[in-house]
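Student: Structure incoming, see below.
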Amino acid sequence: MTSWYDFQSTTQDYLERRHGDRVLHEPLLDDGTRPDHVVVRRFGGIASVYDSKMKQRLTASDVSKLVRDRDALGAGSATMVVANYTEIPDAIALQLEDEGIEIAWHEDLADVASDAAKVVVGAGATSLAAAYAFGYDRPDGTRVLNGDAAMGGAIFGLLLTAFLID
């Protein structure tokens, strides 16, 4: 079974790969609570709030806490990250749907985080990683490389590779 630390770390890794340095982990709110993860918009405001639950069954209080955090921060969205074995009763599923809260299964996040780590290993990875760094994120979380970004990344990668070989 995954430890709580590993559970949180995998979620954190996934969010950092997707949103970079715009992710805050357990920020302290005015009311003294600490949401697990908060994603800040590039030009101000809160994009989304994530709450991680590694438990047997979700409860109405779990949903209420996430709604309270989302509303307190004025976030555009909220996501509940749950363990693969977590049971979501029908009443709780309806509450999540009514509140517009998405469910993310931890196993899916772990697979994405693992796949992203594999991409930057091997031949040519330096160019790919550099090209990726020169792009920008869309609101849906996809990474976009325009022509200048891809060219800048490729040139940077080639120069770095040449330096490392020399």
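The values are calculated or read from the model by the stated rules, or taken from the named source; none is laboratory data. Bear in mind that the values here come from a model prediction, so they are computed numbers and not experimental data. Note that each Cβ is placed from the backbone with ideal geometry, even for glycine, and that neighbours are counted across all protein chains shown.
Student: List the strands (runs of 3 or more DSSP E) inside the stretch 3-87, counting only whole elements, that have at least 3 residues being out of contact with any His (no Cβ under 9 Å at 6 or more places or on another chain), surrounded by 13 or more Cβ atoms within 10 Å (Cβ to Cβ) and assigned by TED's automatic domain parsing to the domain that holds HIS106.
Tutor: In the stretch 3-87, 77-82 are the strands (runs of 3 or more DSSP E) which contain 3 or more residues that are out of contact with any His (no Cβ under 9 Å at 6 or more places or on another chain), surrounded by 13 or more Cβ atoms within 10 Å (Cβ to Cβ) and assigned by TED's automatic domain parsing to the domain that holds HIS106.
Student: Shifting gears a bit: Exactly one of these conditions fails for HIS106: (1) surrounded by 16 or more Cβ atoms within 10 Å (Cβ to Cβ); (2) at pLDDT 90 or above. Give me its number.
Tutor: Going through the list (1) surrounded by 16 or more Cβ atoms within 10 Å (Cβ to Cβ); (2) at pLDDT 90 or above, HIS106 breaks only (2).
Student: Would you mind stating whether GLU26 is touching a residue at least 12 places away in the same chain (Cβ under 8 Å) and out of contact with any helix residue (DSSP H, G or I) (no Cβ under 8 Å at 6 or more places or on another chain)?
Tutor: Taking the combined requirement at face value, the residue does not satisfy it.
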